[in-house]
Every structure is written in structure tokens, then in C-alpha cells.
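> I have a structure I would like to understand better, so I am pasting it below and will then ask my questions one at a time.
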Amino acid sequence: MIQHPVFSVESWSIRETELDLDVLEQAGSVFALANGHIGLRGNLDEGEPPGLPGTYLNGFYEQRHLPYAEAGYGYPEAGQTVVNATNGKVIRLLVNDEPFDVRFGWLESHERVLDFRAGVLRRRAEWCSPVGQRVRVTSVRLVSFVQRAVAAVLYEVEPLDAPARLVVQSELVANEPMPAAGGDPRAAAELQQALRSELFSDHDDRAVLVHVTRQSGLRMAAAMDHMVEGPDGSETATESHEDFARVTITADLAPGQRLRVVKLLAYGWSSKRSSAALRDQVSGAVAEARHTGWDGLLAGQRGYLDDFWDRADVELEGDTELQQAVRFALFHTLQAGARGEQRAIAAKGLTGPGYDGHAFWDTETFVLPVLTYTAPHAARDALRWRHTTLGLARERAKTLGLRGAAFPWRTIDGQECSAYWPAGTAAFHICADIADAVGRYQAAAEDREFERDTGLELLVETARLWRSLGHHDATGNFRIDGVTGPDEYSAVADNNVYTNLMAQRNLRLAAEIVERHEDRAAGLGVNDEEVAAWRDAAQAMLIPYDEQLGVHPQAERFTEHERWHFEATTPEQYPLLLHFPYVDLYRKQVVKQADLVLALHLRGDAFTAEQKARNFAYYETLTVRDSSLSACTQAVIAAEVGHLELAYDYFGEAALMDLGNIEHNTRDGLHIASLAGAWIVAVAGFGGMRDHDGALSFAPRLPERLTRLAFGLCFRERRLRVAVNHDHARYSLLQGEPLQITHYGEAITVTTHKAVNHPIPKSATGEALRQPAGRTPARRPTE
């Protein structure tokens, strides 16, 4: 957990038993609620102390100028930053004229619970005002998975010892002040007064605010409505202004009486619709929510999540902390994309402003594998979003003098927003990562409509990019020079192994899909000669190998670079990017995050078992894990090559990335890819699942402390459940036609009539591996 005793370990929830203002901002990310369209940070209902406020709409951003000391051709001119949208969470309370503020009076008890199965954030507080009036305040907050535009809060107050005069002020607040971002380049750019009012109105207990961003011209609307139950004499009044709307509820309560307020919220945005249209849209959404009622919203939320957990739950026995962490990870991964519906899945999801709200390659490489096998509709919609940005990607490729589509390194709407080209534009591997996600989704879903209407064009245009970016040298090898791989402590290198192997798969996937859709491919201008060129490039792809060391260099000549002086680097100097210039990092053998090791996972079919073991051992000595994307991949390969306890330690790091605030920036939002990586470690690491060439294979093996692992997969309209202990693996088909899989290379067929049990062969434990000084992962504690 966030390293504080107020957080307890439970299987299906995160419980905070006391309020600690020192971790308020981190807790705001941990307790965030989202559905892929709306995101609400876990701020206190009363809005004070504010911590880091946050209300986000997926794809809603402000544009800003990107300054350059020295401009160059092809540099992006505009950046994009997620906007803190109109805040509808605020519900202020006055008790006998005293504001309920946890910093004043006496907070006798306080508890918050994020419930993974109900999909709600619950709060319960008992507070004594500075003049001695005691009240109990409870709230339940949700962002609906069923009604995409809707969020809601149940807010209840009751006096405990004496009658009380209560005033509840329920608000919509636009352009709320934000704390300074600080100097961390991973944080968001500061935006002040990003929204300009266009329309405001109120009627009865309902109010609507409509705003437009000052630069990007995007328009958003927020509406609130209320259902109030209180004693006779309770009154309500409503007002609205340009950046502010309020419904005020007054009531006099005796002990034992309760004031109950259900606040309904609705959000929408558009680049095209008018203010009136958006006003009517959100008004209609709150009307539908009112018709459904609070109990109906709760029931819909629980039903949606019951179905998800039935498909996706991961069970761990032997480590209750990691059991909680993995379910937390799955819950937030689902929240990031469940109802995105052709919008991006950002690196922070909708939990915070970090990285300006941008989506990167980690969506396709880490998040979409999870969604493909647990919530395939969300994976499909994320890829459809990439497809909607193809026009911009083609323009970018043309600017760079290339064919096909060059997808952006970081973006919100599809335009390249990276101002640092060595670690942005040069990281072309994102195009192959998208293609890999297309191939995985298609193999798992067999979605013919998606393949024809979306997948085909994505694969064709990315294959064209690789064929024009690379070239055949004098010996016939196909080279891809001057690119940046996943490791951001190296840049603009020749023949990065990960990039080349993923491009190779991209080219082959494109050739195969064209064969299945010749007519449609012809409409894209594809002919036999072009397909043959793709196949030739894939066949001749250069994969560097260091014969002297017996390992693959991350990129050509990488193993000849000077090694970083790890022994002279202090713990306070990590992450290195905040303490050393890139010009120094780029010249040394130091790895920020798994790069060649990621190739061992995603292109494991291109390496022998011996090569995997030698490569992993070599890169363990160089990898400092200054990225949250590294631990999960190192865990997967550590498990495969026989270092199960090391894999287990990395598992803890990936799963507890935010609950432990390991990167010290959870305040800016959760690390969604690392959370997804927790599932990847469980399923691909200890479950040994691989999906090369679209077929499922398993080679499970558990570390000593874990006594049982079970997980579910959606695959070709089937539901498979895998359960593993130290001796056997059990494969059960819960739904669908018979399925052929492999267990340690042995083909087996699973049917709904009978589960299949297979023994797990014993394996030798490899010699302990060495990490850079001070960068050994924390050992998992024994219970």
C-alpha cells in the first residue's frame, strides 16, 4: 500500500481507515473513478483541502504552443494538455454555520473504501465542529459503466447528539485553481482559465454549464440534478453563473433524522456540436439517470462488474497483498478503457494530469493485451480510435518523407505532441506496437468486421512505413537505421532488435491480411509487387548478434559502449533522467526500461531458450527500471528462464507501483500500463501464456510463496479458466466450442464437458543474477 498504516489489505477493496493529509494527493489517484469517458479523482466531497483536483473527459484538451530554442523542419508546433473540466463532485456542508472541513474541529473517525465489485467509492466520517456539534457524513460516489455520460453521488448527513441546522451546497465549478506542477517533466503543463463560458442555466434542482476551450475550440457541457429527502421544512434554491452553479439545500434536523441527497451528474463534449445541443445532451442524460434512480444505477454498476470479474478475475493464494493489488490493477485498467468508445487510453487513464493526458505506445503494448483477453470490446474500440487518426498519421509520414502512416509518440487527438524528436518521432516502434495489438485482437476475437474495416488499413499503412523507413544493404539485409527503441536512455540507433523484430511481424501480418481481403486491399492501392516487397523485407530483417559475448545487442554496437558507472551513482540520483544529461546517458550501456528483454517476451518465437537466458542475464546488469514499464516485463522473462523468486519480486514492484507510490509521482495519476503489467506477470509470467501466431500456449510455474494461481481468458467466443499449483495445471472451458491449446509443447483439447489436468515439470533454479548497484527489486515479505 501507500506506505502508511491507514491503508489495510483486503481482497476486494482498498480501505483507508484514517485520513492522512500527507498522502491526500496520492490517494486522489488511488480512489479515482472512471469509465473510459469520464474520470473523477478521489477528492473529498467538500473540495477542501483540495489536494490535486481533477475531472477529466477523454479526448478533451487544450492546445498550447511548443517552444523551441532552435526550431527544425518537421518539429510539432502545438502541444495538447488534458483539461481539468467542470468539477461536479463538490458538495459543501455547513453545520450551524460552521463549514465541514477536516482541518478544523475534531475528525473523530474517517474511512474511505474503493469497492472493486460494486464499482463505487464509499466514505464515512464523524466530525465534531469547533463549537461541539457532532454529525455523521456518508457518501457513495460512482461513475457509471452502463450510462456512459453519468456520474452520481449519494450524500447523507445526520446529527448525532443535538439538533442541527444544516446547509448543503452542491456545486458545478469551472476553472478551479490548480496547484503548481513542479519541475518533473512527467507532470502536466500548467493551464490557467482554460475554459470560456458560453451558456449557463438552472431550473428547479437542475443546472447546466457549457464552456469552450480558448485555443483548441472544444466545447463541453456539465449538468447536475438532485433528488432530496429530508424532514418537513427542507428547502432548495438554485443559481447559476458563468463558471459556477449551486443548488443549496437547507434543513433543520433532530438526532436520528437524516438529510439524503442524490446528486446526478452528466458530461459531454464535442468539437462540432453547438452549445444548445450539448446542453440538451447532458440534460437528457441526467433525466435518464433520474429515471433509473440511485438504486438502479448501483444495480447496473454491480451487474456490469459481476460480468467482468466472471471473465477476468485473477486469484492468488499465498500473498494477500498481491491479491488485492492485482484486483486493484484490473479494476483501474478496466476503468481506463471500458467506455472510451473510440477515444485513446492515456498513460494515466483518467486518474490524473500526468504526461499531459497523452496516450503512448504503452496502450497497445501493455494495456490492450489485458483488455483483449478480458474486455475485448474495449480493446477493439481503442484500436478503432487509432484508425480514426490514420489521416493525421499519413500526413506525419509525408512530412517525414515516408510512405504509409507514422503514428505519434504522444498525443490526445492523433497529432504528434512530442517536442523532443530523439525520444519521440524517432521511436517508430509505436507503429509496429499498434500492428501487434491489431494482430493479437484479431487472433483472439476473430472479428471479421473489424479485420476488414479497421485492421486491414492499419496493417497496410504501417507496413508501408517500415518498407520506406528501412532499406536493403549491399549484402541483402534489411536495415532500419536511426531509430529509438523502448529504452529511452538510448536514442537514434541502428537496427534496434525490438524495433526490427516487431517491424518484421508487422510486415508479415500485413501480407497475410491482404491475402484474406484482396479486393479491399486493392482499393488501398496494394498490389502483388508491394506485398512481395514486404515479405522480402521481413525475411531479410537484420537482427544484430554479438558473437563474442553470445548475446543480442540492444541495437548495433550497443555492447561496445562504455558501461554506466553504477557503483558511483547514489540512490538519490535515480531516476537518472532528472540528474544526468541525455548526451551522457545515450553514450553508455545503461537501460532505462526493458527493451531487448521486451523483445524476448513479445517476439519470444525469434529466440532460443539459451539465447533468452543469456540475454536476460546480460541486461539485468544494465537495467535500472527508471520507468514503470520495466518490472512487469523483467518478471515475465525471469519466470520463463527459471528465476521464479526474482520474477516474484518484480511482480510485487509492478503490482504495487501506485499503491506503494514507488515512482513518487502517483499524485499525478496512476501508471495504467504498470497496473496492466500486473495481469501480464500473473498470466504470461507465472501462467506461462504466450500467443505467438494467434495460438494459446502455456508453461506455468509458481514461485515458492504462491500456492495457487487462477485466471480467465476470453478467446474466440470461448471462456477459458486456468488454475495452477506447484504440481499441476487445470484447464477448464466454461463456454464455447472445444479449444486446442498447448501445455509445455503438448497439444491438448479442452471442452466444456471435462476439465483437463496436466503435470508441471520440475525445473532447476538458475544462479542468482546481478542488478545495477542499488537497483535490486525489493524482496517480497513473508507472511
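> Could you check the range 404-436 and list, in sequence order, the residues that are among the aliphatic types (A, V, I, L, M) and closer than 15 Å to Pro486 by Cβ?
Correct list: Ala423, Ala426, Ala427, Ile430, Ala432, Ile434.
> Which of the numbered conditions does Thr236 fail, given that it passes all the others? Conditions: (1) within 25 Å of Arg41 (Cβ to Cβ); (2) surrounded by fewer than 21 Cβ atoms within 10 Å (Cβ to Cβ); (3) out of contact with any helix residue (DSSP H, G or I) (no Cβ under 8 Å at 6 or more places or on another chain).
(1)
> Counting only residues that are in a strand (DSSP E or B) and polar (S, T, N, Q), which one in the range 75-116 is farthest from Ala426 (Cα to Cα)?
My answer is Ser109.
> Please work out if Gly525 is without any contact (Cβ under 8 Å) to a residue 40 or more places away in the chain, outside any strand (DSSP E or B) and among the small types (Gly, Ala, Ser).
yes
Per-residue answers, yes or no, for (1) within 21 Å of the chain's Cα centre (by Cα); (2) closer than 17 Å to Phe331 by Cα; (3) among the hydroxyl-bearing types (Ser, Thr, Tyr):
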site: Glu640; (1), (2), (3): no, no, no
site: His643; (1), (2), (3): no, no, no
site: Leu646; (1), (2), (3): no, no, no
site: Ala655; (1), (2), (3): yes, yes, no
site: Asp658; (1), (2), (3): yes, yes, no
site: Asp668; (1), (2), (3): yes, no, no
site: His671; (1), (2), (3): yes, yes, no
site: Gly685; (1), (2), (3): yes, no, no
site: Gly688; (1), (2), (3): no, no, no
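> Can Val167 be described as part of a strand (DSSP E or B) and crowded, with 21+ Cβ neighbours inside 10 Å?
No; evaluated as a whole, the condition is false for this residue.
> Which one of these is in contact with a strand residue (DSSP E or B) (Cβ under 7 Å, 6 or more places away or on another chain) and not charged (D, E, K, R): Asn500, Asn506, Asn527, Asn477?
Asn500
> Does Phe308 count as within 11 Å of the chain's Cα centre (by Cα) and hydrophobic (A, V, I, L, M, F, W, C)?
no
> Next question, about the same structure. Please name all residue pairs, on different chains or six or more residues apart, with Cβ atoms under 7 Å, provided the first residue is in the range 442-456 and is at positive phi and the second residue is at pLDDT 95 or above and in a loop (DSSP other than H, G, I, E, B).
Pairs that qualify, where the first residue is at positive phi and the partner is at pLDDT 95 or above and in a loop (DSSP other than H, G, I, E, B), are Glu446/Arg716.
> Restricting to helices (runs of 4 or more DSSP H) lying wholly in the range 550-636: which have 3 or more residues that are within 26 Å of the chain's Cα centre (by Cα)?
The qualifying helices (runs of 4 or more DSSP H) are 596-602.
> For the range 400-408, indicate whether the set of residues that are assigned to a helix (DSSP H, G or I) and out of contact with any strand residue (DSSP E or B) (no Cβ under 7 Å at 6 or more places or on another chain) is non-empty.
No, the conditions are met nowhere in the range 400-408.
> Restricting to the range 638-662, give me the number of residues that are in contact (Cβ under 8 Å) with a residue 60 or more places away in the chain and outside any helix (DSSP H, G or I).
Total satisfying the criteria: 8.
> For the range 483-498, which positions are surrounded by fewer than 24 Cβ atoms within 10 Å (Cβ to Cβ) and under 18 Å from Gln634 (Cβ atoms)?
Once the filter is applied, which keeps residues that are surrounded by fewer than 24 Cβ atoms within 10 Å (Cβ to Cβ) and under 18 Å from Gln634 (Cβ atoms), the range 483-498 yields only Glu488.
> Can you find a residue in the range 741-759 that is out of contact with any His (no Cβ under 8 Å at 6 or more places or on another chain) and buried (at least 17 other Cβ atoms within 10 Å of the Cβ)?
Yes, the conditions are met somewhere in the range 741-759.
Results for (1) buried (at least 24 other Cβ atoms within 10 Å of the Cβ); (2) aliphatic (A, V, I, L, M); (3) outside any loop (DSSP other than H, G, I, E, B), shown as yes or no for each residue.
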residue: Ile345; (1), (2), (3): yes, yes, no
residue: Leu350; (1), (2), (3): yes, yes, no
residue: Thr365; (1), (2), (3): yes, no, yes
residue: Leu368; (1), (2), (3): yes, yes, yes
residue: Tyr373; (1), (2), (3): yes, no, yes
residue: His377; (1), (2), (3): no, no, yes
residue: Trp385; (1), (2), (3): no, no, yes
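> Let me ask something else about it. Of the conditions (1) open to solvent by 50 Å² or more (accessible area, probe 1.4 Å); (2) over 30 Å from Gln593 (Cα atoms); (3) out of contact with any Ser or Thr (no Cβ under 9 Å at 6 or more places or on another chain), Ala768 satisfies every one except a single condition; which number is it?
Every listed condition holds for Ala768 apart from (2).
> Could you list all residues from the range 259-297 that are part of a strand (DSSP E or B), buried (at least 18 other Cβ atoms within 10 Å of the Cβ) and either hydroxyl-bearing (Ser, Thr, Tyr) or at pLDDT below 95 (or both)?
If the condition is that a residue be part of a strand (DSSP E or B), buried (at least 18 other Cβ atoms within 10 Å of the Cβ) and either hydroxyl-bearing (Ser, Thr, Tyr) or at pLDDT below 95 (or both), then Tyr267 is the only one that fits.
> Show the residue pairs that are 6+ apart or on different chains and have beta-carbon atoms under 6 Å apart, the first residue being within the range 618-632 and among the hydroxyl-bearing types (Ser, Thr, Tyr), the second being at pLDDT 95 or above and surrounded by 24 or more Cβ atoms within 10 Å (Cβ to Cβ).
Tyr619/Leu596; Tyr619/Val597; Thr623/Val591; Ser628/Met657; Ser628/His671; Ser628/Ser674; Ser630/Ala594
> Filter the range 8-48 down to residues that are assigned to a loop (DSSP other than H, G, I, E, B) and of a type in the set (Asp, Glu) and give me whichever is most open to solvent (accessible area, probe 1.4 Å).
Top of the filtered list is Glu18.
> Which of the residues belonging to the range 531-543 are surrounded by fewer than 20 Cβ atoms within 10 Å (Cβ to Cβ) and of a type outside the set (Gly, Ala, Ser)?
Selection gives Arg535, Asp536, Gln539, Ile543.
> Return the pairs, sorted by first residue and then second, in which the second residue is assigned to a strand (DSSP E or B) and surrounded by 14 or more Cβ atoms within 10 Å (Cβ to Cβ), the first residue lies in the range 472-486 and is among the acidic types (Asp, Glu), the beta carbons are less than 6 Å apart, and the residues are 6+ apart or on different chains.
Asp473/Arg479
> Right, next: Taking the range 667-699 only, how many residues are modelled with pLDDT of 95 or more, part of a helix (DSSP H, G or I) and open to solvent by less than 30 Å² (accessible area, probe 1.4 Å)?
16
> Looking at Ala432, Ala427, which is the one that is touching a strand residue (DSSP E or B) at 6+ places or on another chain (Cβ under 8 Å) and under 27 Å from Ala493 (Cβ atoms)?
Matching residue, one of Ala432, Ala427: Ala427.
> Can you find a residue that is part of a strand (DSSP E or B) and closer than 14 Å to Ala537 by Cα anywhere in the range 476-492?
Within the range 476-492 (the criterion being part of a strand (DSSP E or B) and closer than 14 Å to Ala537 by Cα), the answer is yes, since at least one residue qualifies.
> Hey, among Arg479, Arg464, Arg520, which residue is surrounded by 24 or more Cβ atoms within 10 Å (Cβ to Cβ) and of a type in the set (Lys, Arg)?
Every option except Arg464 fails the conditions.
> Further question: Would you please name the residue that is nearest to Leu218 (Cα to Cα), looking only at residues in the range 48-78 that are at pLDDT 95 or above and among the small types (Gly, Ala, Ser)?
Step by step, filter the range 48-78, then rank; the result is Gly59.
The values are calculated or read from the model by the stated rules, or taken from the named source; none is laboratory data. Note that the structure is predicted; figures quoted are calculated from it, not measured. FYI the Cβ positions are ideal-geometry reconstructions off the backbone, even for glycines, and counts take in every protein chain you see. Areas reflect the complete protein model, heavy atoms only, side chains present, ligands, DNA and RNA absent. Shrake-Rupley method; radii C 1.70, N 1.55, O 1.52, S 1.80 Å.
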